[in-house]
Structure formats: structure tokens, C-alpha cells
Amino acid sequence: MSSPQERLVAQLARIKEMSGLSLRALASQAGLSSSSLSRYLAGRLVPPWEAVVALCRSVGRDPRPLRGVWAEAAKAGAAPAPRRNDLPADLFDFTSREAESALVEGLLHSAGAVVIDGMAGVGKTSLAVHVAHRLAPSYPDGGLYLDLHGFTPGQEPLEPQAALGRLLGALDITHPPSGAAERAALWRSELSRRRALVVLDNAVDAEQVRPLLPGAGKSAVLITSRHRLVSLDGVPPVSLEPLTDADAAHLFSRAAGLTITEEEAVSQVLRQCAGLPLALRMAGARLRHRPGWTVAVLAERLRTTPSRFDSVFGMSLQQLDSVQRRIFRLLGVLPGADFDVEVAGALTDLPPDRLGAALEELVDAHLVQELSPGRYRMHDLIRRYAADLAADEEPQAEAALRRVLRHYLAQAVAHDRTLPSPYRREPSPGDPARAMAWFELEYVNLVACFDAAVRLGADEVVVELPQAMRVWFFRHRGTDDQARLLEAAAVAAARLGRDQQRASLLADLGFVHAAAGRLAEALSAYELAEQSGPDDDLAAGLALRIGFVRRDLGDLEAAQARFRQARDLFERIGRRAGQSQALAFDGWVTLHLGRHSEAVELAHASVALADGPAQITGLVTLGVALAPDDPAESLRMLHDALRLAEQNDLPHNQAWCHNYLGVALRVMGSPEKALEHHRRAFELLEPLAEVQLEIDCLHTYAETCRAAGRYDEALPLLDRTIELARELGRPYDEQLARSARELLRTEQASHRLSESGQPAARARQAGLSK
């Protein structure tokens, strides 16, 4: 017997079939996001009842008969996903703030968002994390944490677009849209179907935060900032003041591990700490580690330093030996958000046993926080203090930083080598999943190291690091940093006189631009790479990629010339797979130039040279070319291509194959069957954010809708094509879509006139049909 979830999915699939609409069009009509509807139809998520009602109404169906099966499915739930929890650990000695905690919790329940503001060190993050841990049972889809770096020394505040990329990545959306507005819309859509709590720490201003806020739904967001974000409409503020004397005394006594008896001395300590929890914990830790001291001794020591922060931090440093103090100073120049023991070892050049003991001492002194076993971070205030000390007292700080950069580069290279990639023959032994997890964990630090290398003029690191991240970037093409890193790396390679590396970096830069649909920028990067004198292997790849760009710009003859240049170069160096690709795309443009028999010959030659997934392009070309004359063989070729794409888990290729199965079926006179494949192509495209492939599929999908007489379905597809083409500066695609739209409008008007009884001849005389 099928499960309630399976029965509900069957009913939803029936609704989609009744609608006759694409997934995107049905989602739009029902007021849902297409990504959510895709998950409902795949059984990965049980929709809210309101979504079921909206879908039923879109096809004029009474939703009430579905209430029972929906209730059973909702009770059983979809296949459970692992609960995400990125929250830092709660402080074991968190104390006081009962009124503020209650206020924040109440506002979260009523408003769904709260901003906690206050001065540095007042305990904003501690309160936010504490509340998030307390409320964890109310948010079964987990807790997300993101440091926006509004006040982190040595780092620029995180741009909203990049922040959204990281937040969506935390929800396993690895290819988010490229635009900030589209990312924000997807983020709101994803949160609307979840009950998650998001902590956005260290916001610099309202503009940074506004795109990250949730929309409708039961998720909530906690924001912290040193500034009052008064312009965030609908987000109530909770301003933290320094602790009262009573609360400060309670926290100090807990941190010190004592019962207060020296009230006057305690009052002096509290005045020096100014009611700031960070300072109070550090002062208490100082006393706890000096059992021979009284509170009066601590107060006297604090009075000798004029600045309250210098006095508290300085006192904590005094409990450390010279090696531990040196480690603390060096940590102030460390790039990135957090670090592990290996990074600290590279920074300090100390053996693991001495380093581990020293880090434990820094944790005990509240100078460093241990996020998880072996992973650490520093509070921004403490980091700033350490960096100031390093500038004044640490002549070897730059040498230590360069060791860290070399360490990160070596680690990135080692992990990259274990990843399967078309850029190498065979990966090195190792666990690819572990390597990808390392890149995921260290990504923010790697980008920070790159920026530090640029500042230092460490051109070796600047050139090598983006290449060591190439496979990771290929699998996460939504990241915003890759183009910036590649541009800077190409400049550094030129300074080093490394023409081949510069050419390789520019080729990667061109690919990044092309994948985002920015064809003019892609062509510019590729042509610069050619001018750098690439070797035959890279020159062949560049000729192939320039052919792609020329094809997408509509210059088919120039594209064909490039594909033939690539074929000759690949043949010269003995690269059969590359030669096969060049032949396949030569066949593709030859087909679109109207030379069918020649295209068939080229595609056959391509398939004969390749094996495995390298045959896909040739098979698709062959399938489309044979569609008018040999339908059976055409469909066999296209299904062979689709099977290869599925067997090798290639979603981009799967979408492409489904799209051209639709084209072939349309040519064969089966537009309704063709539409099923176009719709499947777009279901596969939905999470990929591949603009170039989307434009290609939009053109053909719209043409099949026109052939099926589905004018109302075709028009939004052409409008979307025009919108994308204008946004990306692609006049050829825009003109194609506008011409198709004009033809569609004319046919639609003619069809309506014909249905109303007006003779076709009169319609033609009126200029309404062609």
C-alpha cells in the first residue's frame, strides 16, 4: 500500500497534469515558488495546506477532498532531512539578562525578527546565541549562524549578495541565482517553508541586513549590531546596556569561582570593567588563575592601566608566559573568521604539544573562544587589541602571516588533488567528500587569506590559490568571489612573468563570465588569454570556448571556424575527447546553418571518437539532425545521450537532453509529448541557476508551446527570455525572442479570428496573420 506522502504526491501530479502548465507557470499562477513546488511534486516536502488549496484553485478543483490525505501526509512528514545547527556554543556561565532574554523571545514569537544593539563587549552575541539555544525546540528545522563581519578587524563587511549565497548554501542550494534580488527572493521562499532560527551577527547597517530578512512563514531572525538599525521596518530593537552592579557582581563571582566578601574591592573591579560581560569574564578568569590573590590585589593591578579595556586585557595577558603572550599577539594578524590547531601551528611555528597547552590557557583566560574541539575564534575587540600589540611588539608578524598563507595554499592544493576533475587525468588517493567538506569549512578563511596575500604582495599565493580552488568553484558556481580572485590572480601572474598561468587564469575567468551569461566579458577574457601565448592544450580549449561564445552571440560562421581550429589543435596533441567535442559542436552549428547531411556526418565522427559521457554532445546533435527523416533513430540517439547523463549524474546535461528530446518530438509532430520533456528540463534547471542553458531552453520551449497552440504558455517564456537577455546585454537572444513573440502574437490573433468565424482570407487582408 502506498504511503500518505505518495498518495498526496500523486494528487499533486494530477493537478499539474490538469493545469497543462509548466512547473514555473503553475507555481506563478498558484503564488508559490517554483523550487518549492518542485519539492512538493518530488515528495521531498509536504506542502502547507494553503499551498494545496492554491494549487487546487488554479485548476478549478475543490480542495476539500484532499484534506484527509494531506493531514495524514503532514503527520507522517516527508523524508526527514538532517537538522542544521551552525550556532556557536552557549556560554556555560551566561548569567543575568533575564528581562532582555524574555523580551527578545517574546518579540521573536510576535514579530519574527529582533535586532539586539549595544556597544562592543556588552554581550550582544552571547545573548543572541543563548536565546537561540533556548528556543531550539521551537525551530525544528535548525539554527543558522552567519557573521556579517560588520566590525571585524582587517575584513570588509560581507556584502548582502555574498551573505545570501552563504545562507542559501547552508540550505544545500549550491547554485543560487547570480542577482541579489533573485537570491533574496529565493531565501525568503526557502525560509517560508521552514521553521528555522537565523542569527545574523555583527551587522554594520540596515542596508546590509534588509535583503536577509525572512518574509512570510514561521522562521525567525536575530540580528546583532553595534549600531541602532532604526530604519529596519517591522524589526523591533532591543538595546543592551552594561550590566547593573548587582548583575555584574554575580557574573564576576561566577567567572572567578568565589563568593564575594570584599565588597569595596569588587566595586573597584566592576568600575574598571564598566559592566561589560566580556571584561568581567576576563577579570574573573584572571583571579581564578591566581588563587593567592585577593580581589583587592586584582583591583589595584587594574587601576595601574588607564584604559579599561587595556587594563582588563592586559591583566589577562599577565597571567600568560612569554610564549603564550606571543601566540596571542600573532593571533591578532590571522586572516579569516576562525582557525584550527594546524593553522595556529603555522602561525606560531610551535610544536603541537606546546601549542595545544598554550591555546588551552588562552581559552581559560577568555582571550580565545573554543567553538568546537580544536577550532577557535577571537572576539573582535580582543582581536583588535592583539593586532595593536602585534604592530607594536611583534617584528616577525608578517613572516608569521606568510607562513599561514603558505599553509592554507598547501592544504588547498592537497585537498583539490583528491577531487575528480576534467582538468586532470586522475585524482590523487583520498576522500573527495572529506576534501569538499574542508573547502566548505575553510572557504571564508581561504578568501580572507587571498585578500591578505594581495595586500602583502605575496604573488605566489595570489596566483596559485584560485587554481587550487578551481574544482570547488566549479561545483559552487554561485559564489561571488571567483571572478574577483581570478582577475587579481591574472594580474599577479603577469607581474611574475608567468604567461601560461595568466592564460589559464584568464580562461577560467572567461568560463565564469560565460556561465553567468556575460558573453562580452567572457569573450574579452578568452581573447586576453590567447594573447598570453597559451600552449597547444590550453589554446585548443580556448578555441572551443570562444566558439561557444560566438555561437551564443549568433555568429555561427565565426563559431564554426573556432570549433574547427579546436579540432585541429586537439588532433595535433592527441586529445580524442577534445577532438570529439569540437566535432560535435561543429556539427551543431552546421545543423543550425541548414546543412543537415553534413551535420550528421560530423556528429557520427564525434560519437566514434568518444566514449562515456563525452559522447553526449555528439549524440544530441545527431538526434536533432535525424529528427525530420529518421524519427526512430533520432529518439534512440537522444535517449542514449540522456541515459549517459543520468548514469554519470550530470544534471546540466540531463536538462539539455530533455530539452532537445522536446525539440525532436516537436519536429516529429508530437508537441504535447515534447512539452513533457521541456517541463522536465526546467525542473532540472531550477536549482542550477545556469542562465546560459536557461536562455537556450526558453527559446525552444516557447517554440514548442507555439507549435502546440499554447500561446498563453509561450508568451511568459519569451518575456522571461527578453528580460534575461536585456539584463545580460545579449542583443541576439533578445532579438530572437522579440521576433518569436511578434510571430506568436500574430498567430494568436489569427487563431482567435478563425475561431470567431472570420475567414482566414479577410484576416490576412487585415494584416493579422502570415
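Here is how the numbers come out for the structure above:
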{"quantity": "Single condition Arg377 does not satisfy, out of (1) on the phi > 0 side of the Ramachandran plot; (2) touching a strand residue (DSSP E or B) at 6+ places or on another chain (Cβ under 8 Å); (3) not aliphatic (A, V, I, L, M)", "calculated": "(1)"}
{"quantity": "Residues within the stretch 104-138 that are out of contact with any Ser or Thr (no Cβ under 8 Å at 6 or more places or on another chain), hydrophobic (A, V, I, L, M, F, W, C) and farther than 14 Å from Val235 by Cβ, tallied", "calculated": "7"}
{"quantity": "Options Arg745, Arg738, Arg720, Arg726: the member that is part of a helix (DSSP H, G or I), buried (at least 16 other Cβ atoms within 10 Å of the Cβ) and not aromatic (Phe, Trp, Tyr)", "calculated": "Arg720"}
{"quantity": "Yes/no for Val221 being of a type in the set (Val, Ile, Thr), assigned to a strand (DSSP E or B), under 25 Å from Tyr139 (Cα atoms) and not assigned by TED's automatic domain parsing to the domain that holds Ala285", "calculated": "yes"}
{"quantity": "Matching residues in the stretch 57-79 - criterion: being at pLDDT 75 or above and small (Gly, Ala, Ser)", "calculated": "Ser58, Gly60, Gly68, Ala71, Ala73, Ala74"}
{"quantity": "Index of the failed condition, Leu419 passing every other in (1) assigned to a helix (DSSP H, G or I); (2) aliphatic (A, V, I, L, M); (3) farther than 16 Å from Arg325 by Cα", "calculated": "(1)"}
{"quantity": "Only listed residue being in contact with a Phe, Trp or Tyr (Cβ under 7 Å, 6 or more places away or on another chain), surrounded by fewer than 22 Cβ atoms within 10 Å (Cβ to Cβ) and under 23 Å from Asn653 (Cα atoms), chosen from Gly547, Gly612, Gly554", "calculated": "Gly554"}
{"quantity": "Single residue of Ala203, Ala181 found to be surrounded by 21 or more Cβ atoms within 10 Å (Cβ to Cβ) and either farther than 21 Å from Pro48 by Cα or aliphatic (A, V, I, L, M) (or both)", "calculated": "Ala203"}
{"quantity": "Residues located in the stretch 468-496, provided they are under 17 Å from Met436 (Cβ atoms) and in a helix (DSSP H, G or I)", "calculated": "Ala468, Arg470, Val471, Trp472, Phe473, Phe474, Arg475, Gln482"}
{"quantity": "Single residue of the stretch 226-256 satisfying the filter (outside any strand (DSSP E or B) and β-branched (Val, Ile, Thr)) that is surrounded by the most Cβ atoms within 10 Å (Cβ to Cβ)", "calculated": "Val235"}
{"quantity": "Candidate set from the stretch 438-460 (those that are touching a residue at least 60 places away in the same chain (Cβ under 8 Å) and touching a Pro at 6+ places or on another chain (Cβ under 8 Å)); member that is surrounded by the most Cβ atoms within 10 Å (Cβ to Cβ)", "calculated": "Cys449"}
{"quantity": "Residue in the stretch 361-387 that is surrounded by the most Cβ atoms within 10 Å (Cβ to Cβ), counting only those that are acidic (Asp, Glu) and farther than 13 Å from Arg325 by Cα", "calculated": "Asp380"}
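The values are calculated or read from the model by the stated rules, or taken from the named source; none is laboratory data. Since the structure is predicted, the reported quantities are computational estimates derived from the model, not experimental observations. When we count neighbours, we look across all protein chains shown, and the Cβ atoms used for this are built from the backbone with ideal geometry, even at glycine.
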